[in-house]
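See structure below.
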Amino acid sequence: MPRPRLEFSLAARTPGTEARAGILRTRRTEVLTPTFMPVGTHATVKAQLTQSLEDSGARILLANTYHLLLRPGPEVFRQIGGYQRFTSWPHSVLTDSGGYQIFSLPHAREMTEEGAVFQSYLDGQTILLSPERSVETQLAIGSDIMMALDQCIPSTADEATARAALEITQRWAVRSLAARGEAEPALFGIVQGTLFEHLRRESAAGLVQLPFDGFAIGGLAVGETKEQREETCAFTAALLPPDKPRYLMGVGTPLDILEAVHRGVDMFDCIIPTQVAQRGGAFTSRGFLQLRRGVYKFADTPLDPACACPTCRRYSRAYLHHLTKTKESLGWTLVGQHNTWFYQQLMREIRQSIVEHRFLTLYHERREVLHADDLDNPVRAQHRKPGKPRTLGHYEVHIAREGFASIRHTGSGEIMHARTPPMDEARALYIEQSHFAERIRGSEQDAPLVVWDVGLGAAANAMAAIHCWEEAAEHGPVRPLEIVSFENDLDSLRLAFDHHERFLYLRHSGPAHLLRRGEWRSKAFPTLGWRLIEGDFVQTLETAPALPDLIFYDMFSGKTNAFAWTHGMFRRLFGLCRGRDVELFTYTCSTASRVALLCAGFWVARGRNAGDKEETSIVLTPEAVRARPQAGRELLGAEWLAKWRRSAARFPEGAGVEERAAIEQAVTGHPQFH
C-alpha cells in the first residue's frame, strides 16, 4: 500500500483551549506542530543561511511560487533537482500557490475564470497563472506541501465581491486537485469568505468534501482589525476536520501566533522575523527592542540573556546597535538569525506547554511580554533638536501608521497615497496597469511615448515611469519617452525633495533639474526627457508640446479641485485626444467622475483596487478600445448602469432639467453599453 502523501496525528490537547500539539510527516521530514515556517520568497530566507535555519529548529520553509515562476523559472528546478538541492535545504518545503502575491504586489493583473493574467515585473511579459500552471510549477520546485490557487481579496470587501472570489476559489480548488493527479506532494485547500461567517461556512463545507491533505485559512491579515482576525480565525478553524493540519496564512507576530494557537491553528508563516530585523527590530524575552535607539550604544550585554542563539552567545547590543545605525548587512543577518531562533523557541515552548496541559498558564504569561516594548529600557519622550520643517505652504509631510511618508494637503486634509507607499501605488495604478514596460519596447528611431502626468504632486508617478524606462534601457533597446507634468503648486514636490531621506525615489537627477529649470534631459539616455508645465491644468492643457499616449490623472478630488472633474474639463481633454489611441488612468471610481468621462466621449473600465478603494478607473478613447481588444479591460456594463440609475450622484448638483436629460441620453446611449 503506498505511503500517504502526508501523515498528521494529534499528540495532545489542553482543556479550556483549542490549542493542540501534533506530528506532521511529509515525504522528507517529521515536523512537530504548532510550527512556524520561515519565508523564503526568492528561494532564500532573506539574509539567512540554510544551516542557520536548520540550527534554529526550523524543519519546513515556505517558498513563493509566483516569484520562482518568474526567476529562476521551473526548468532550473527540474534540471538541478528541486528546491532542496538548489538551496542546500535538506528538509520540507511548502509552496504558496501565487494567489496572494498576485493580489498584493504592484504588477498588472486581470482575474479571469481561467486564472490570473499578470505582467512580469522583470521583462513586462504577460503570463497566465492558472490552477494547472500553479501546480505544475510547484511540482517542478519540489514542494512537499502545495497550495491550491485561490483568489485573495481585501478582508473588508463587500459580500458580493467576497462571494465571487469564494466561488472561483472553489472551482480552482477542484482544478488544482485534478492537476496534482497521482503526484506525491500533499495539497491544501484554502478557505475564503473574508469576514462573513456564512461565506466561510460555505467555503469550508465545500472544501472538506474534497480529498485535500490539509486546509488553510486564507483572506486574513489583509485589512481587518486584530479582533476581527482572531474572531474569524476561531470560527473558521472550528469548521475544519480535527484530523488534518490547519494553516493560517501570512500570520504573524509572536503574539498573533500565540492567539491563533489558542484558537486551534497548527501552522504559520510570515516575513516579519527577517523584515523587522532589517530595520533593527528584535523580539526578546524582555519585549520588542528597536536597536536604533541610543540607549543601546554602550550596552555591552547580550541581545537577549535568555536566548541561546549564536547572535546572543557572541554579540552585544552595542555592536548590533552600531551595525543597525550604519546599515551594515551583517546587522540584518545577525538580528534576523536571533528573531528566527526566537520564533522557533516560542513554538517549542508552546508545544511543550500543550503536552503538559499548561498552555493556558503560558498563554496568559506570555501575552503581556509579547505585547510589550523593551521592559528594561522603556521608551520615554525625548527633547529633540528642531529638524527640517515638515510643512511648506499648503502641504505637510504625513507619516502613515505603516511607517512610510507621503504628502498631505493641509487645507483639505487629502493625502497623496494615503494607504500605500507612494511608489508602490504609482507602479500599481499607473505603470503596471498601462502595460508601460510593453509600450516602451522599441528603438530610438520609434516615435516617443508621450505621458501626461496631470497633478505632479510629489512626482511619484513620473518617477515610477522614469525608473521603469531606465531599468528597461539597461537591458535592451527602448523607444524614446517624453513626460509632461502639469502642476500649479510645486511646494509639495519641494517639501518631499527636502525630506528625500523619506522619499527615496527623489534621489535622482530629474526632480532637482525639474525644480530649478522646469525640464530635465537624461545625460545617460538622451531619448528620455521630462518637462514641467506650471499653472492650472484647466488653463494650460492646450499648451503641451506634444499630445499624450498615456495620461496619469492624479489631481486632488472634486472636493478640493472641483473643475478638474467636470464634464467640461473632460470634453476639452477628449477633444485633444479625439481620433487617437489614448488611455487615461486615475485613482477615482466615483460615479460623478465616471459619468463626466462617459459624457465627454471616453469609454470607462474598472481598474484595480488601491488602498481603501475597491477599484479605480481606466479611461479609453474609442481608438484605444479598438487598438487593444485583448488588453483585458473590464468595461463598465449593465450592472454599473443599473447602479448609476439608483445613485444619488446620478446628476451634478444643481443640474437643470435640460442638462439632466442630456446626461441621461449621453450615458444610456453610450456605445460601451450596447
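The values are calculated or read from the model by the stated rules, or taken from the named source; none is laboratory data. Quick caveat, the model's predicted, so the values are computed rather than measured. Note that we place each Cβ from the backbone using ideal geometry, even for glycine, and neighbour counts take in every protein chain shown.
Sort out for me the strands (runs of 3 or more DSSP E) sitting completely within segment 243-342 that have 3 or more residues that are of a type in the set (Asp, Glu) and more than 27 Å from the chain's Cα centre (by Cα).
By residue number, no strands (runs of 3 or more DSSP E) qualify.
Of the numbered conditions (1) out of contact with any Pro (no Cβ under 6 Å at 6 or more places or on another chain); (2) modelled with pLDDT of 90 or more; (3) of a type in the set (Ser, Thr, Tyr), residue 527 fails exactly one; give the number of that condition.
(1)
Looking at (1) assigned by TED's automatic domain parsing to the domain that holds residue 562; (2) outside any helix (DSSP H, G or I); (3) under 28 Å from the mean Cα position of the chain (by Cα), which is the only condition residue 493 fails?
Of the numbered conditions (1) assigned by TED's automatic domain parsing to the domain that holds residue 562; (2) outside any helix (DSSP H, G or I); (3) under 28 Å from the mean Cα position of the chain (by Cα), the odd one out for residue 493 is (2).
Specify the residue that is surrounded by the fewest Cβ atoms within 10 Å (Cβ to Cβ); the eligible residues are those in segment 1-41 that are polar (S, T, N, Q) and within 22 Å of residue 95 (Cβ to Cβ).
That would be 29.
Residue by residue, here is whether (1) touching a helix residue (DSSP H, G or I) at 6+ places or on another chain (Cβ under 6 Å); (2) not assigned by TED's automatic domain parsing to the domain that holds residue 555 holds:
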site	(1), (2)
391	no, yes
398	no, yes
406	yes, yes
416	no, yes
445	no, no
457	yes, no
469	no, no
474	no, no
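Sort through 655, 638 and tell me the only one that's within 23 Å of residue 165 (Cβ to Cβ) and either surrounded by fewer than 18 Cβ atoms within 10 Å (Cβ to Cβ) or touching a residue at least 24 places away in the same chain (Cβ under 8 Å) (or both).
Just one listed residue meets the conditions, 638.
Which residue out of 538, 625 is over 21 Å from residue 647 (Cα atoms), surrounded by fewer than 22 Cβ atoms within 10 Å (Cβ to Cβ) and at pLDDT 90 or above?
Answer to the selection: 625.
Name the residue that is farthest from residue 352 (Cα to Cα), counting only residues in segment 1-35 that are free of Cβ contacts under 8 Å to residues at least 40 places away in the same chain and among the aliphatic types (A, V, I, L, M).
Result: 1.
Output the qualifying pairs, or none if there are none: Cβ atoms under 6 angstrom, residues six or more apart or on different chains, first residue in segment 192-213 and over 14 Å from residue 176 (Cα atoms), second residue surrounded by fewer than 22 Cβ atoms within 10 Å (Cβ to Cβ) and of a type in the set (A, V, I, L, M).
193/199; 194/157; 204/239
Looking at segment 410-446, which of its residues are without any contact (Cβ under 8 Å) to a residue 40 or more places away in the chain, within 25 Å of residue 534 (Cα to Cα) and assigned to a loop (DSSP other than H, G, I, E, B)?
Correct list: 410, 413.
Residue-wise test of (1) more than 30 Å from residue 85 (Cα to Cα); (2) touching a helix residue (DSSP H, G or I) at 6+ places or on another chain (Cβ under 9 Å); (3) among the charged types (D, E, K, R).
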site: 127; (1), (2), (3): no, yes, no
site: 131; (1), (2), (3): no, yes, no
site: 135; (1), (2), (3): no, yes, no
site: 143; (1), (2), (3): no, yes, no
site: 152; (1), (2), (3): yes, yes, no
site: 178; (1), (2), (3): no, yes, no
site: 213; (1), (2), (3): no, no, yes
site: 220; (1), (2), (3): yes, yes, no
